[in-house]
1. Among the listed residues L184, L145, L156, identify the single one that is part of a helix (DSSP H, G or I), in contact with a Gly (Cβ under 6 Å, 6 or more places away or on another chain) and among the aliphatic types (A, V, I, L, M).
2. In region 142-184, what count of residues is obtained for those that are loosely packed, with under 12 Cβ neighbours inside 10 Å and closer than 23 Å to I119 by Cα?
3. Report the residue count in region 62-120 for those that are assigned to a helix (DSSP H, G or I), at pLDDT 95 or above and of a type in the set (D, E).
4. When region 13-25 is examined, which residues are found to be surrounded by 15 or more Cβ atoms within 10 Å (Cβ to Cβ) and in contact (Cβ under 8 Å) with a residue 12 or more places away in the chain?
5. Residue check: is R46 over 30 Å from Q129 (Cβ atoms) and among the charged types (D, E, K, R)?
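The values are calculated or read from the model by the stated rules, or taken from the named source; none is laboratory data. In this text the structure is predicted, and so the values were computed from the model without any measurement. Please note: Cβ atoms are built from the backbone with ideal geometry, for glycine as well, and neighbour counts cover all protein chains shown.
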Amino acid sequence: MTTDKKLIAVAAALLDTGGEDAVTLRAVGHASGLSHNAPYKHFENRDALLAAVATADFVWLAEAFKSVRQSSAEPAAKLMNALKVVIAFSVEHPARYRLLLSNPAIAAQKGDLESTAFIAFGEFIMIVQECQAAKALPDAPNTTLAGLLFATMNGLIAMEASGRMRPEKGLTSVESGLKTLVHLLAPKRR
């Protein structure tokens, strides 16, 4: 493993155990077993290191979506499986999930981060297109529809993470909320 990849892995682990505040270049250098200055040789600043972690996670997400897309499941099941991938990631890695979808400083980064995020989203769009072709989702601009599904999922994840998802509000889980939405979006068969 190259030094920069080791530093990215250590930063991801620190995010998982201590949240974003635990990730400093000095802490990453120390936790990696390298000198405290090592991260400065590979990353311009903390945001660049966090962007590298986010890029690695978007690569993983793109591969996970591609695997779901290439599975033999029906299109609607593929869509739910893709959404479940993100839901599971948000539960297993909440700080990294927030880094991917809720950190404005990271979202403003360009280059590899932006292109990798678009690759991951592109895989999700292809799953949405399959659903549309199978009449499991409406005929609408696929990028818009994919964006709305993703935004709804992100909102439901945020509600659940903050303890605001309650049965008396009509929501019992992120997955059940998304299943209901997909069902409501499905064109009515005549």
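1. After ruling out the rest, the residue left standing is L156.
2. Selection size over region 142-184: 2.
3. So the count comes out to 2.
4. Across region 13-25, the qualifying residues are A13, L14, L15, E20, V23, T24, L25.
5. yes
Residue by residue, here is whether (1) surrounded by 15 or more Cβ atoms within 10 Å (Cβ to Cβ); (2) in contact (Cβ under 8 Å) with a residue 40 or more places away in the chain; (3) touching a Pro at 6+ places or on another chain (Cβ under 6 Å) holds:
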{"position": "P39", "(1), (2), (3)": "yes, no, no"}
{"position": "K66", "(1), (2), (3)": "yes, yes, no"}
{"position": "S71", "(1), (2), (3)": "no, no, no"}
{"position": "A76", "(1), (2), (3)": "yes, yes, no"}
{"position": "V85", "(1), (2), (3)": "yes, no, no"}
{"position": "Y97", "(1), (2), (3)": "yes, yes, no"}
{"position": "L100", "(1), (2), (3)": "yes, yes, no"}
{"position": "N103", "(1), (2), (3)": "yes, yes, no"}
{"position": "I106", "(1), (2), (3)": "yes, yes, no"}
